[in-house]
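Chemist: Let me begin by handing over the structure; questions about it come next.
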Amino acid sequence: MHPTPRHGPSLGLAVGLVVLGIASVQLGAGFAKLLFDDLAPNGVVWLRLATSAAVLLLWARPRLRGRSREDWLVAARYGACLGAMNWGIYQSFSRIPIGVAVTIEFIGPLVLAAVGFRRPRDLGWVGLAAIGVLLLGFERGHLDPVGVAYAVLAGAAWAGYILSSAATGRRWEGIDGLGVASLVAVVLLTPLLLTVDTADLADRRVLLLGAAVGLLSSVVPYSAELAALRTLPAATFGVLMSLEPAAAALAGLAVVGEALAPVQWVAIGCVVVASVGATRATRTAVHPDVTPT
């Protein structure tokens with residue numbers, strides 16, 4: 001049972017916490033890309049996940065004894081999606097601008113939301129998102145197709161992460177499942193360290209920055225969102241999360257200096273609007289007697 005609103009933050013504070021979480025994730029992405037000059041993307045993503053797993057496990061202290069085989073399978077599936085999502089998007093960041101990568105990645109959860117559409121007209125949101133993605137390729141400085149492919153992979157893994165999150169939440173209490181899944185992701189990605197220069201990984205500055213990326217990208221946003229969801233309806237939360245592509249583009253500009261062409265900003269705007277519309281349409285499909293807010 002979710003806590004009643006009186007135990008959560010005020011509505012304004014809850015919205016602010018979600019925005020803080022979004023900003024933290026994308027700033028983490030920007031600092032991660034800065035680290036690519038010192039450490040290969042495989043090493044950066046491993047440091048991010050290792051940091052977040054350590055903090056989440058210390059925070060949750062999950063009960064591990066007495067778990068069924070299905071409990072572990074669900075958590076393992078969740079962790080595999082988490083690992084693939086992070087690995088894919090970091091590989092994409094190393095090849096294309098952050099804002100473009102996150103915009104393409106966002107198609108994953110958007111398509112997942114479209115599955116809940118019951119009115120043909122709502123499919124227009126998917127069409128708008130498709131227009132946005134197509135516009136990304138119109139800029140003369142064409143995108144690295146490998147970077148685009150990694151972003152698509154990350155988007156598919158994000159959709160799987162969302163589905164696995166619901167299943168994990170039914171079997172694991174609180175954040176126990178997320179902590180265990182984070183550890184699974186770290187274990188699965190550990191072989192990638194064979195591609196990383198161990199001297200770089202042992203550098204104190206790199207370790208500290210990698211830990212900061214983990215905190216910014218996972219721990220801070222999750223904590224903020226967890227508090228905000230005590231007050232915010234899920235539909236409102238979904239609309240706010242639609243700001244992710246725009247926030248990613250701004251973080252890329254502010255932290256890494258990735259200036260996007262006007263047509264790319266238009267493309268990002270198309271995906272943001274499509275995501276807001278899809279979220280509202282999905283809510284209407286589930287609660288047709290409720291007017292979207």
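Chemist: Quick check on my filter: what residues within segment 85-125 are closer than 19 Å to Ala278 by Cβ and open to solvent by 50 Å² or more (accessible area, probe 1.4 Å)?
Modeler: Within segment 85-125, the first condition is being closer than 19 Å to Ala278 by Cβ, and the residues that meet it are 102-125.
Val111, Val115, Arg118, Arg119, Pro120, Arg121, Leu123, Trp125 - these are the residues of segment 85-125 that are closer than 19 Å to Ala278 by Cβ and open to solvent by 50 Å² or more (accessible area, probe 1.4 Å).
Chemist: Moving on. Within segment 142-151, work out how many residues are modelled with pLDDT under 85 and either of a type in the set (Ser, Thr, Tyr) or open to solvent by less than 50 Å² (accessible area, probe 1.4 Å) (or both). Spell out the reasoning first.
Modeler: Narrowing segment 142-151 to residues modelled with pLDDT under 85: 142-143.
Imposing the further condition that a residue be either of a type in the set (Ser, Thr, Tyr) or open to solvent by less than 50 Å² (accessible area, probe 1.4 Å) (or both) reduces the set to 143.
Going through segment 142-151 one residue at a time, the tally reaches 1.
Chemist: While we're looking at this one, here's another question. From the list Leu215, Leu253, Leu226, exactly one residue is surrounded by fewer than 20 Cβ atoms within 10 Å (Cβ to Cβ), within 24 Å of Leu39 (Cα to Cα) and under 18 Å from the mean Cα position of the chain (by Cα). Which is it? Don't jump to the end; show me each part of the working.
Modeler: Details: Leu253 fails: under 18 Å from the mean Cα position of the chain (by Cα); Leu226 fails: within 24 Å of Leu39 (Cα to Cα).
Answer to the check: Leu215.
Chemist: Further question: Go through the residues of segment 191-212 one by one and say whether even a single one is within 19 Å of Val276 (Cα to Cα) and either touching a Phe, Trp or Tyr at 6+ places or on another chain (Cβ under 7 Å) or among the small types (Gly, Ala, Ser) (or both). Spell out the reasoning first.
Modeler: Going residue by residue through segment 191-212, those that are within 19 Å of Val276 (Cα to Cα) are none.
Scanning segment 191-212, I find no residue that is within 19 Å of Val276 (Cα to Cα) and either touching a Phe, Trp or Tyr at 6+ places or on another chain (Cβ under 7 Å) or among the small types (Gly, Ala, Ser) (or both), so the answer is no.
Chemist: Let me ask something else. Look through segment 248-293, keep the residues that are among the hydroxyl-bearing types (Ser, Thr, Tyr) and assigned to a loop (DSSP other than H, G, I, E, B), and return whichever of them is modelled with the highest pLDDT.
Modeler: Of the residues in segment 248-293, the ones among the hydroxyl-bearing types (Ser, Thr, Tyr) are 275, 279, 282, 284, 291, 293.
If we keep only those that are assigned to a loop (DSSP other than H, G, I, E, B) too, we end up with 291, 293.
Numbers: Thr291: 35, Thr293: 30.
Looking at the filtered set, the residue picked out is Thr291.
Chemist: So, in segment 1-35, of the ones that are part of a loop (DSSP other than H, G, I, E, B) and open to solvent by less than 40 Å² (accessible area, probe 1.4 Å), which residue ends up modelled with the lowest pLDDT?
Modeler: Of all residues in segment 1-35, those part of a loop (DSSP other than H, G, I, E, B) come to 1-4, 8-10.
Checking the rest, the ones that are also open to solvent by less than 40 Å² (accessible area, probe 1.4 Å) come to 8-9.
Working: Gly8: 66, Pro9: 75.
It comes out as Gly8.
The values are calculated or read from the model by the stated rules, or taken from the named source; none is laboratory data. On a predicted model such as this, the values are computed, not experimentally measured, just so you know. All Cβ positions, even for glycine, are placed from backbone atoms using ideal geometry, and neighbour counts span all protein chains on display. Side chains are part of the model used for accessible areas, which takes the heavy atoms of the whole protein and leaves out ligands, DNA and RNA. Shrake-Rupley method; radii C 1.70, N 1.55, O 1.52, S 1.80 Å.
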